[in-house]
Amino acid sequence: MGRRREFDIEQALDAALCVFWRKGYEGASYADLTAAAGVERPALYSAFGNKEELFRKALQRYYKRFLHYMPEALTLPTAREVAAHILYGAVDLNTRFDDHRGCLYINGVLAGSDEAEPVRQVLIQGRAIAEREIRERFERAKAEGDLPETAKPDALAAFLMAVTHGIAVQAKAGFNRQTLEGVAEQALASWPQGRSPDTSAG
(Lines give C-alpha, C1' and ligand atoms only; values in the text may rest on other atoms or scores of the structure.)
Protein backbone atom coordinates (compact mmCIF):
# COMPACT_ATOMS: atom_id res chain seq x y z
CA MET A 1 0.00 0.00 0.00
CA GLY A 2 1.52 3.28 -1.12
CA ARG A 3 2.39 5.95 1.37
CA ARG A 4 -0.05 8.84 1.38
CA ARG A 5 1.43 12.19 0.41
CA GLU A 6 1.33 14.66 3.28
CA PHE A 7 0.86 17.83 1.23
CA ASP A 8 -1.57 19.28 -1.26
CA ILE A 9 -0.26 18.70 -4.79
CA GLU A 10 -2.20 21.58 -6.31
CA GLN A 11 -1.03 24.08 -3.69
CA ALA A 12 2.55 22.89 -4.04
CA LEU A 13 2.41 23.35 -7.81
CA ASP A 14 0.95 26.84 -7.43
CA ALA A 15 3.74 27.71 -5.01
CA ALA A 16 6.40 26.41 -7.41
CA LEU A 17 4.79 28.33 -10.27
CA CYS A 18 5.12 31.58 -8.33
CA VAL A 19 8.79 30.88 -7.59
CA PHE A 20 9.58 30.17 -11.26
CA TRP A 21 7.57 33.22 -12.30
CA ARG A 22 9.54 35.44 -9.95
CA LYS A 23 13.03 33.99 -10.32
CA GLY A 24 13.09 32.18 -13.66
CA TYR A 25 14.09 28.56 -14.18
CA GLU A 26 17.73 28.71 -13.17
CA GLY A 27 17.20 31.38 -10.53
CA ALA A 28 14.78 29.12 -8.68
CA SER A 29 16.77 26.85 -6.35
CA TYR A 30 15.50 23.65 -4.79
CA ALA A 31 15.63 25.47 -1.46
CA ASP A 32 13.31 28.14 -2.89
CA LEU A 33 10.94 25.55 -4.31
CA THR A 34 10.75 23.34 -1.24
CA ALA A 35 10.34 26.33 1.08
CA ALA A 36 7.51 27.74 -1.03
CA ALA A 37 5.80 24.36 -1.37
CA GLY A 38 6.27 23.55 2.31
CA VAL A 39 7.72 20.11 1.63
CA GLU A 40 11.10 18.39 1.71
CA ARG A 41 13.04 17.79 -1.48
CA PRO A 42 12.36 14.01 -1.63
CA ALA A 43 8.61 14.64 -1.47
CA LEU A 44 8.88 17.21 -4.24
CA TYR A 45 10.84 14.72 -6.37
CA SER A 46 8.27 12.01 -5.67
CA ALA A 47 5.34 14.19 -6.66
CA PHE A 48 6.74 16.01 -9.69
CA GLY A 49 9.98 14.39 -10.81
CA ASN A 50 13.03 16.58 -11.27
CA LYS A 51 13.22 20.37 -11.52
CA GLU A 52 12.72 20.40 -15.28
CA GLU A 53 9.56 18.31 -15.02
CA LEU A 54 8.26 20.53 -12.24
CA PHE A 55 8.86 23.58 -14.42
CA ARG A 56 7.05 21.99 -17.35
CA LYS A 57 4.04 21.25 -15.15
CA ALA A 58 4.13 24.81 -13.80
CA LEU A 59 4.26 26.15 -17.36
CA GLN A 60 1.18 24.12 -18.33
CA ARG A 61 -0.65 25.45 -15.28
CA TYR A 62 0.40 29.01 -16.12
CA TYR A 63 -1.00 28.70 -19.63
CA LYS A 64 -4.34 27.32 -18.44
CA ARG A 65 -4.82 29.73 -15.56
CA PHE A 66 -3.33 32.98 -16.82
CA LEU A 67 -3.05 33.04 -20.63
CA HIS A 68 -6.74 32.50 -21.43
CA TYR A 69 -6.82 35.97 -22.98
CA MET A 70 -4.78 34.66 -25.93
CA PRO A 71 -7.30 32.11 -27.29
CA GLU A 72 -10.10 34.54 -26.38
CA ALA A 73 -8.49 37.19 -28.58
CA LEU A 74 -8.38 34.91 -31.63
CA THR A 75 -12.20 34.66 -31.62
CA LEU A 76 -12.79 38.42 -31.84
CA PRO A 77 -14.24 39.81 -35.08
CA THR A 78 -11.44 42.14 -36.24
CA ALA A 79 -7.66 41.98 -36.30
CA ARG A 80 -7.43 45.23 -34.35
CA GLU A 81 -9.65 43.81 -31.62
CA VAL A 82 -7.45 40.71 -31.54
CA ALA A 83 -4.35 42.87 -31.11
CA ALA A 84 -5.96 45.09 -28.48
CA HIS A 85 -7.18 42.14 -26.41
CA ILE A 86 -3.71 40.58 -26.45
CA LEU A 87 -1.90 43.82 -25.62
CA TYR A 88 -4.17 44.87 -22.76
CA GLY A 89 -4.31 41.28 -21.52
CA ALA A 90 -0.52 41.25 -21.37
CA VAL A 91 -0.44 44.56 -19.49
CA ASP A 92 -2.96 43.28 -16.97
CA LEU A 93 -1.23 39.96 -16.34
CA ASN A 94 2.29 41.35 -16.23
CA THR A 95 1.40 44.00 -13.65
CA ARG A 96 -1.22 42.07 -11.63
CA PHE A 97 1.06 40.56 -8.99
CA ASP A 98 3.60 42.80 -7.30
CA ASP A 99 5.71 39.86 -6.10
CA HIS A 100 6.00 38.18 -9.51
CA ARG A 101 5.67 40.71 -12.29
CA GLY A 102 6.29 40.01 -15.95
CA CYS A 103 5.61 36.84 -17.92
CA LEU A 104 6.73 33.34 -17.00
CA TYR A 105 7.57 32.58 -20.64
CA ILE A 106 9.92 35.59 -20.70
CA ASN A 107 11.21 35.38 -17.13
CA GLY A 108 11.71 31.63 -17.45
CA VAL A 109 14.89 31.64 -19.49
CA LEU A 110 16.03 34.83 -21.18
CA ALA A 111 19.52 33.37 -21.08
CA GLY A 112 20.60 30.14 -19.51
CA SER A 113 23.32 27.55 -19.14
CA ASP A 114 23.70 24.53 -21.38
CA GLU A 115 21.86 22.46 -18.77
CA ALA A 116 18.83 24.73 -19.11
CA GLU A 117 18.72 24.49 -22.91
CA PRO A 118 15.82 21.97 -22.99
CA VAL A 119 13.72 24.36 -20.92
CA ARG A 120 14.68 27.31 -23.11
CA GLN A 121 13.59 25.33 -26.18
CA VAL A 122 10.20 24.56 -24.58
CA LEU A 123 9.66 28.28 -23.98
CA ILE A 124 10.76 29.17 -27.52
CA GLN A 125 8.37 26.58 -28.96
CA GLY A 126 5.50 27.92 -26.85
CA ARG A 127 6.07 31.45 -28.09
CA ALA A 128 6.39 30.20 -31.69
CA ILE A 129 3.03 28.41 -31.46
CA ALA A 130 1.37 31.59 -30.19
CA GLU A 131 2.90 33.65 -32.99
CA ARG A 132 1.78 31.13 -35.61
CA GLU A 133 -1.81 31.17 -34.32
CA ILE A 134 -1.87 34.97 -34.41
CA ARG A 135 -0.38 35.01 -37.92
CA GLU A 136 -3.03 32.58 -39.16
CA ARG A 137 -5.76 34.77 -37.64
CA PHE A 138 -4.32 37.83 -39.40
CA GLU A 139 -4.12 35.92 -42.69
CA ARG A 140 -7.85 35.28 -42.38
CA ALA A 141 -8.41 38.96 -41.56
CA LYS A 142 -6.55 39.94 -44.72
CA ALA A 143 -8.54 37.49 -46.83
CA GLU A 144 -11.77 38.95 -45.41
CA GLY A 145 -10.70 42.52 -46.14
CA ASP A 146 -10.38 43.44 -42.48
CA LEU A 147 -6.68 44.08 -43.14
CA PRO A 148 -5.51 45.88 -46.31
CA GLU A 149 -3.89 44.07 -49.24
CA THR A 150 -0.56 45.61 -48.26
CA ALA A 151 -0.66 44.09 -44.77
CA LYS A 152 1.88 41.42 -43.91
CA PRO A 153 0.31 39.00 -41.41
CA ASP A 154 3.66 37.46 -40.47
CA ALA A 155 5.19 40.85 -39.71
CA LEU A 156 2.09 41.98 -37.79
CA ALA A 157 2.15 38.82 -35.67
CA ALA A 158 5.88 39.26 -34.99
CA PHE A 159 5.31 42.94 -34.15
CA LEU A 160 2.52 42.08 -31.72
CA MET A 161 4.63 39.42 -30.02
CA ALA A 162 7.61 41.81 -29.81
CA VAL A 163 5.48 44.47 -28.13
CA THR A 164 3.98 42.00 -25.63
CA HIS A 165 7.47 40.70 -24.83
CA GLY A 166 8.64 44.26 -24.32
CA ILE A 167 5.70 44.90 -22.01
CA ALA A 168 6.70 41.83 -19.98
CA VAL A 169 10.31 42.97 -19.67
CA GLN A 170 9.30 46.51 -18.72
CA ALA A 171 6.80 45.23 -16.16
CA LYS A 172 9.55 43.11 -14.60
CA ALA A 173 11.70 46.25 -14.49
CA GLY A 174 9.01 48.10 -12.53
CA PHE A 175 7.05 50.05 -15.16
CA ASN A 176 3.53 50.73 -13.92
CA ARG A 177 0.26 49.69 -15.56
CA GLN A 178 -0.57 53.18 -16.82
CA THR A 179 2.74 53.49 -18.64
CA LEU A 180 2.38 50.07 -20.23
CA GLU A 181 -1.20 50.78 -21.29
CA GLY A 182 0.26 53.80 -23.06
CA VAL A 183 2.65 51.47 -24.89
CA ALA A 184 -0.32 49.33 -25.97
CA GLU A 185 -2.21 52.41 -27.17
CA GLN A 186 0.79 53.56 -29.17
CA ALA A 187 1.11 50.16 -30.84
CA LEU A 188 -2.58 50.21 -31.79
CA ALA A 189 -2.40 53.77 -33.11
CA SER A 190 -0.52 52.56 -36.19
CA TRP A 191 -2.65 49.47 -36.78
CA PRO A 192 -3.46 48.99 -40.50
CA GLN A 193 -7.12 49.40 -41.48
CA GLY A 194 -8.90 47.32 -44.10
CA ARG A 195 -12.05 48.07 -46.02
CA SER A 196 -14.73 50.04 -44.22
CA PRO A 197 -18.06 48.23 -43.98
CA ASP A 198 -20.34 49.01 -46.91
CA THR A 199 -23.19 51.09 -45.45
CA SER A 200 -24.62 52.21 -48.80
CA ALA A 201 -26.42 48.97 -49.57
CA GLY A 202 -30.04 48.45 -48.54
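The values are calculated or read from the model by the stated rules, or taken from the named source; none is laboratory data. Everything numeric here is computed off the predicted structure, so don't read it as measured data. Cβ: placed from backbone, ideal geometry, glycine included. Neighbour counts: every protein chain shown. Surface accessibility is based on the protein's heavy atoms, side chains included, excluding ligands, DNA and RNA. Shrake-Rupley method; radii C 1.70, N 1.55, O 1.52, S 1.80 Å.
Inspect the stretch 121-136 for any residue being outside the structural domain of Leu104 (by TED's automatic domain parsing), of a type in the set (S, T, N, Q) and either more than 19 Å from the chain's Cα centre (by Cα) or in a loop (DSSP other than H, G, I, E, B) (or both) and give the result as yes or no. Talk me through it step by step, then tell me what you get.
Of the stretch 121-136, the ones outside the structural domain of Leu104 (by TED's automatic domain parsing) are 121-136.
Pick out the ones that are also of a type in the set (S, T, N, Q) and you get 121, 125.
Filter again for either more than 19 Å from the chain's Cα centre (by Cα) or in a loop (DSSP other than H, G, I, E, B) (or both), leaving none.
No, there is no match, as no residue in the stretch 121-136 is outside the structural domain of Leu104 (by TED's automatic domain parsing), of a type in the set (S, T, N, Q) and either more than 19 Å from the chain's Cα centre (by Cα) or in a loop (DSSP other than H, G, I, E, B) (or both).
Output the qualifying pairs, or none if there are none: Cβ atoms under 8 angstrom, residues six or more apart or on different chains, first residue in the stretch 178-194 and touching a residue at least 12 places away in the same chain (Cβ under 8 Å), second residue open to solvent by 60 Å² or more (accessible area, probe 1.4 Å) and among the basic types (Lys, Arg).
Listed pairs, sorted by first residue: Leu188/Arg80; Trp191/Arg80; Gln193/Arg80.
So, Glu117, is that one open to solvent by 40 Å² or more (accessible area, probe 1.4 Å) and within 15 Å of the chain's Cα centre (by Cα) or not?
No; evaluated as a whole, the condition is false for this residue.
Every residue in the stretch 126-154 that is small (Gly, Ala, Ser), under 28 Å from Gln60 (Cβ atoms) and free of Cβ contacts under 8 Å to residues at least 60 places away in the same chain, please.
Ala128
Considering every residue within the stretch 127-136, establish whether at least one is in contact with a Phe, Trp or Tyr (Cβ under 7 Å, 6 or more places away or on another chain) and under 16 Å from Asn94 (Cβ atoms). Even if it seems obvious, please write down each step before you answer.
Of all residues in the stretch 127-136, those in contact with a Phe, Trp or Tyr (Cβ under 7 Å, 6 or more places away or on another chain) come to 127.
Those left that are additionally under 16 Å from Asn94 (Cβ atoms): 127.
Looking through the stretch 127-136, at least one residue is in contact with a Phe, Trp or Tyr (Cβ under 7 Å, 6 or more places away or on another chain) and under 16 Å from Asn94 (Cβ atoms).
If you go through the stretch 185-197 one residue at a time, how many are outside any loop (DSSP other than H, G, I, E, B) and either of a type outside the set (D, E, K, R) or in contact with an Asp or Glu (Cβ under 6 Å, 6 or more places away or on another chain) (or both)?
4
Here is a check on your reading of the model: is Phe175 open to solvent by less than 30 Å² (accessible area, probe 1.4 Å), of a type in the set (Phe, Trp, Tyr) and either assigned to a helix (DSSP H, G or I) or not assigned by TED's automatic domain parsing to the domain that holds Gly27 (or both)?
The answer is no for Phe175.
Being over 18 Å from Phe97 (Cβ atoms) and not acidic (Asp, Glu) is the filter here; which residues of the stretch 5-24 pass it?
Arg5, Phe7, Ile9, Ala12
So that you can scan it fast, the table gives a plain yes or no per residue for (1) touching an Asp or Glu at 6+ places or on another chain (Cβ under 9 Å); (2) aliphatic (A, V, I, L, M); (3) open to solvent by less than 40 Å² (accessible area, probe 1.4 Å):
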| site | (1), (2), (3) |
| --- | --- |
| Lys142 | yes, no, no |
| Gly145 | no, no, yes |
| Ala155 | no, yes, no |
| Ala168 | no, yes, yes |
| Val183 | no, yes, no |
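Quick one: is Leu147 modelled with pLDDT of 95 or more and part of a helix (DSSP H, G or I)?
Answer is no for this residue.
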